[in-house]
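Engineer: Once you've had a glance at the structure underneath, I'll fire off some questions.
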Amino acid sequence: MKNNIKTIRLFFGLIAGLLILATSCSEGDLITDELEFEGTLSNCANTSANTFVFYKLDATKSKALFLNFTGTNFTLIPDTKKLTSTDVVTLNETTNLLTYREFNSPITASSYFCSNIPPKENTTTLEYVSTSGTAEISYDFLRIEANDSIFSRSIILKDVTLTGNEIAYRKEFLALGEQEVAKPFTP
C-alpha cells in the first residue's frame with residue numbers, strides 16, 4: 001500500500017512539473033508569424049555615404065521588416081569580375097539594425113524608408129529591434145542581358161535576437177528576401 005501511495009505521489013509530482021514547464025513563459029512565441037511574411041525585397045539608394053537600407057512590407061503595407069547598416073566595404077552594385085560574393089554585417093543595437101515594425105495605417109515604402117525623416121502620419125504601434133545576429137548579403141551571377149550583368153542579391157539573417165515590449169525573440173535563420181540587380185557589363 002505504501003508503494004502505491006509513493007507511486008501516485010510521484011506520478012502527480014511529475015504531472016505538476018510538466019504542467020509548470022508547459023505553462024512557463026517561452027520567449028519568442030509572440031511574434032513568430034509576423035516576422036515571416038511574404039513581401040518583395042527592396043532597397044534605398046544611399047541617403048548618406050556608406051548607409052544602406054533593405055526592407056520588405058507585408059501585403060497590407062502595415063508590417064515591415066528592414067535592415068539598415070553602415071559599411072565602408074559594401075556596395076549596392078556587385079563586382080562584375082566575381083561570379084559570387086558575400087558580405088556579412090554584424091547586427092547590433094546602434095548602427096547595424098534589423099527592425100520589425102507594425103503601423104497604425106499602410107505606409108508608402110519609398111517615402112518612409114528612403115527619406116531622412118519618415119512621414120508623420122504613420123505611427124509605429126509595435127517595434128522589435130536587433131541586439132545580435134548577422135545579415136549575409138550574397139550576390140550570384142545569373143546571366144548577361146543586353147549590355148548588363150544580372151545578379152541575384154539575397155539577404156539571409158542568422159542567429160538574430162530582436163527585443164521589444166519586454167520580449168526577446170530569437171530566430172536562427174530568416175530569409176529577408178531576394179532581388180535581381182543589373183550592372184553594365186565590363187569585360
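Engineer: Within the bounds of the stretch 81-92, is there any residue that is farther than 18 Å from residue 52 by Cα and either of a type in the set (Asp, Glu) or open to solvent by less than 30 Å² (accessible area, probe 1.4 Å) (or both)?
Structural biologist: First pass over the stretch 81-92, keeping only residues farther than 18 Å from residue 52 by Cα: 81-84.
Retained after the next criterion (residues that are either of a type in the set (Asp, Glu) or open to solvent by less than 30 Å² (accessible area, probe 1.4 Å) (or both)): none.
Within the stretch 81-92, none of the residues are farther than 18 Å from residue 52 by Cα and either of a type in the set (Asp, Glu) or open to solvent by less than 30 Å² (accessible area, probe 1.4 Å) (or both).
Engineer: Whether any residue in the stretch 118-125 is out of contact with any Ser or Thr (no Cβ under 7 Å at 6 or more places or on another chain) and in contact (Cβ under 8 Å) with a residue 40 or more places away in the chain is what I want to check.
Structural biologist: No, that holds for no residue.
Engineer: Which residue is least open to solvent (accessible area, probe 1.4 Å), if the candidates are limited to the stretch 60-76 and must be at pLDDT 85 or above and in a loop (DSSP other than H, G, I, E, B)? Please lay out each step first, then the result.
Structural biologist: From the stretch 60-76, those at pLDDT 85 or above are 60-70; that's our starting set.
With in a loop (DSSP other than H, G, I, E, B) added as a condition, the list becomes 60-62.
Working: 60: 81, 61: 100, 62: 28 Å².
Out of the qualifying residues, it is 62.
The values are calculated or read from the model by the stated rules, or taken from the named source; none is laboratory data. A quick note: this is a predicted structure, and the numbers were derived from the prediction, not measured. Here the Cβ is made from the backbone with ideal geometry for all residues, glycine too, and neighbour counts use every protein chain on show. Just the protein is used for accessible areas: all its heavy atoms, side chains included, with ligands, DNA and RNA removed. Shrake-Rupley method; radii C 1.70, N 1.55, O 1.52, S 1.80 Å.
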